[in-house]
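Before any comments, here is the structure.
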């Protein structure tokens, strides 16, 4: 009986070793140990790492993030490709470049990720371990840092949009930028780095191609919206500076300066065709408008607030619109309507649609200049000639920061301007 027991035990032990040997031959499953995204923090500019494998989907993931996935064992490199790893959002799929080193897979997006956007990172079951171990697949979601692109009211009528998020390109893709000369990119009103354009007040300018002139960036009904920041104590402002324009008084321009009292003013000049009921034959004329001062009501001035307190060293939302159907020209600051006038019914003005008066201007270009009264190639007006101004060190170009410049071929209403302002302003603390 003892002999039989010993034999039985040996058989059992042998079977156990045989089973263990089979388990070692079985490669087992491939699993994820860690998953991280490393890149530049949009608020501090420093390198940060976000855990993509956390229980809760991470936010504020860097726009230039490189993702690293560490698996439980070495990965078969030929199973890692653009089809086995995908990164996508509502805007589409992101092109990726991948590399494998042992158990570590590095994924590098080939373009900067969109701001404030939800992304889905998918790893397909086609990925295998080097020893043949299978992978069940995985999916992770995260949200990138920054303010997402705001869809404005009447978005179908938005014909150009310059985010200035580390680029001067037109987000809509409709317009080229033949010249970019800025001091660089700075923090925007949300505190994100490289998210607004800096203008030095000496020769900085951004030219926007406007080949169509009328019915292109400038239309019979037009709205222009942007954010700006400036320092009223700087000599550039007291000297009087241009924020934006096209062909100076033959198109449109915005100018800002200081009164002797030190209080700021903003001039909003626009060119218009003759209204059918005009008593004089002028063909085209400029609605100069009384400068917005915030010092009591003047022609068109419907607001008596403190303009200095509103614009000094803080971000300001500026909107101008002209509605050809009503003849109303309006200006808003931070969602508040500060100026309006009916140009078609006024005894002084008998005007209709906005336009660029190329018949009256000479040596002109219809391109828009952000930071000046016209583009760098416009020579239609001596007092607003960019090259002459720069050569004379007149410091008439814009000094400060500019952000989120939008052009519409329609007139936004007060409610729509308020909606845009609320969507684009920082959340109140």
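Read-outs: derived from the displayed coordinates by stated rules, not from any lab. These figures come from a predicted structure and were not determined experimentally. Cβ atoms come from the backbone with ideal geometry, glycine included; neighbour counts cover every protein chain shown.
By other beta-carbon atoms within 10 Å, ranking 416, 353, 345, 46 with the fewest at the front produces 46, 345, 416, 353. Note that region 261-370 shows a convex hull volume over its alpha carbon atoms of 135 Å³ per residue. Of the three principal axes defined by the Cα atoms of region 254-323, the extents in descending order read 43, 22, 19 Å.
Between residue 238 and residue 183, what is 0.36 nm times their sequence separation minus the Cα-Cα distance? Round to one decimal in nm.
That pair, residue 238 and residue 183, stretches by 17.7 nm at full extension.
In the chain, what percentage of the DSSP-assigned beta bridges are antiparallel, given to the nearest 5? Of all bridge pairs located within the chain, approximately 95 percent are antiparallel. Give the distance, in whole Å, between the Cα centre of region 283-334 and the Cα centre of region 377-429. Result: 13 Å between the Cα centres.
Net length available on complete extension from residue 72 to residue 59 is 2.1 nm, with 0.36 nm assigned per residue and the Cα-Cα distance removed. Taking every DSSP helix (H) stretch of at least 4 residues in the chain, weighting each as -39,500 (n - 2.57) and dividing the sum by the residue count yields a mean residue ellipticity at 222 nm of -3500 deg cm²/dmol. At an R0 of 60 angstrom, the distance between the Cβ atoms of residue 362 and residue 122 translates into a FRET efficiency of 0.50.
Rounded to the nearest angstrom and listed largest first, the equivalent-ellipsoid semi-axes of region 37-153 from its Cα gyration tensor are 27, 15, 12.
Multiplying the residue separation of residue 392 and residue 169 by 0.36 nm and subtracting their alpha-carbon distance yields 77.3 nm. When each of 307, 87, 96 is scored by the number of other beta-carbon atoms lying within 10 Å, the sequence from fewest to most is 96, 87, 307.
For the chain, the longest principal axis of the Cα atoms and the long axis of helix 2-25 meet at an angle of about 20 degrees. Normalised by residue number, the volume inside the convex hull of the Cα atoms of the chain is 176 Å³ per residue.
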